Amino acid sequence: MWNKSLNRRTMLTFWFTLTASGAASSLLAPNVFARSGTLDPTPSCGPDEELTRRGSEGPYYTPEPPMKSNFRADTSDGEPMTLMGFVVDRACQPVVGAVVDLWHADSHGDYDNEGYRLRGYQRTDANGRYVFETIDPAPYDWRTKHFHVKVHPPGGRLLTTQLYFPGESRNPRDFLFNPRLLMDVHDAADGKIARFDFVVA
């Protein structure tokens, strides 16, 4: 049962302690923190499983973002959110050194198209993990809330996609929305925690 009194720092400590102690394989199961039946399963790894679905890049990508995993200093607005997960291959092996490039709108639904506010990338660690500290983005125009992501495994194919929030009223009306790209999102005492595992080739 998810405990809303937990804060994001406590959850990250739990996350890194488990994976560092060799329990990463148990955390590779999709929706490890999910309540049963709340959303379609995040793609899992295995020879018969699909790769993570692709999604539109959109018009707001800025090339050559900085290496940055903490976006909290980019804005004073917005509910804090931690986005974390694994990048794995179909054999459930962690993909080390994959570039995970994240960008999204701010709490007013606006993008920074002149700089790199709420934009940045990181490389997955030895367990294939990534973590971003950011904010809950706002919807805008006809778009539902979403994150934009590019995942580039070393020597592999570039994945460009979007991640979505469960339970949003705009989801059914957004023609780009894909339920296979829903994140696991939970409330914490100090914001939100989201998880999505990417399966790449």
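Could you tell me whether G155 is without any contact (Cβ under 8 Å) to a residue 12 or more places away in the chain, outside any strand (DSSP E or B) and farther than 20 Å from S69 by Cα?
Yes; evaluated as a whole, the condition is true for this residue.
Looking only at segment 96-142, which residues are surrounded by 20 or more Cβ atoms within 10 Å (Cβ to Cβ), among the β-branched types (V, I, T) and within 18 Å of G155 (Cα to Cα)?
V100, T124
Give me the pairs: first residue in segment 132-150 and under 13 Å from D110 (Cα atoms), second residue assigned to a strand (DSSP E or B) and basic (K, R), beta-carbon distance under 6 Å, and six or more apart or on different chains, which are they?
D136/K192
Against the condition over 14 Å from F86 (Cα atoms), surrounded by 16 or more Cβ atoms within 10 Å (Cβ to Cβ), of a type in the set (G, A, S) and at pLDDT below 95, how does A194 come out, does it pass?
Taking the combined requirement at face value, the residue does not satisfy it.
Report yes if S169 is assigned to a loop (DSSP other than H, G, I, E, B) and in contact with a Gly (Cβ under 6 Å, 6 or more places away or on another chain), otherwise no.
Judged against the criteria, S169 is not a match.
The values are calculated or read from the model by the stated rules, or taken from the named source; none is laboratory data. Everything numeric here is computed off the predicted structure, so don't read it as measured data. Cβ atoms come from the backbone with ideal geometry, glycine included; neighbour counts cover every protein chain shown.
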